[in-house]
Amino acid sequence: MAANRFEIAAPKWNGGKRCVGLNADRLNCDMVEVDIQYRDKTGNRVFPGLLNMSSTKVKTYPVQVVGGGVKLHMVPIADLTEQSIKSQVVTKPAKVCHACGGQEFWVRLGLGEEEELCCRCHPKPREEV
Ligand SMILES: [Zn+2]
């Protein structure tokens with residue numbers, strides 16, 4: 001199954017819901033993977049998981065035309081499914097979370113590069129592999 005990765009800098013509001021705009025020209029794939037890179041003011045990712053949806057379903061969402069005639073399907077973040085990703089819990093007393101002061105982190109391995117996420121601010125995804 002081929003998947004296209006969409007890297008989203010920040011979600012948009014659409015009809016009162018937080019959405020991601022997915023380029024209609026990049027849906028020549030079975031699945032889309034959405035990586036929302038948005039960070040809060042303390043530098044923590046707000047949506048740390050990798051989210052996905054079938055391209056067929058993405059195409060059922062309303063289109064918004066933006067600059068240059070680019071067509072974006074506006075998909076509510078709540079409708080995306082969190083992908084099962086490999087993760088492991090580590091304790092790193094040397095590091096302190098800027099937001100909550102916590103010292104426990106888990107490491108997300110699913111995206112190729114390791115990323116440390118605070119256990120309290122970013123609970124682990126549903127499944128661990
Ligand atoms: Zn924290």
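The values are calculated or read from the model by the stated rules, or taken from the named source; none is laboratory data. Because the structure is a prediction, the values reported are computed rather than measured. Backbone-built Cβ (ideal geometry, glycine too); neighbour counts: all protein chains shown.
Number of residues in the range 79-129 that are modelled with pLDDT of 65 or more, acidic (Asp, Glu) and within 17 Å of the chain's Cα centre (by Cα) equals 5. Within the range 53-67, if we keep just the residues that are surrounded by 17 or more Cβ atoms within 10 Å (Cβ to Cβ) and of a type outside the set (Ser, Thr, Tyr), the residue that is modelled with the lowest pLDDT turns out to be Met53.
So if I check each of Arg39, Arg45, which one is outside the structural domain of Pro123 (by TED's automatic domain parsing), in contact (Cβ under 8 Å) with a residue 12 or more places away in the chain, basic (Lys, Arg) and within 16 Å of the ligand (Cβ to nearest atom)? After ruling out the rest, the residue left standing is Arg45.
Screening Pro76 with (1) at pLDDT 90 or above; (2) touching a Leu at 6+ places or on another chain (Cβ under 6 Å) gives one miss only, at (2).
Among the residues here, Asn4 does not qualify as without any contact (Cβ under 8 Å) to a residue 60 or more places away in the chain and assigned to a loop (DSSP other than H, G, I, E, B).
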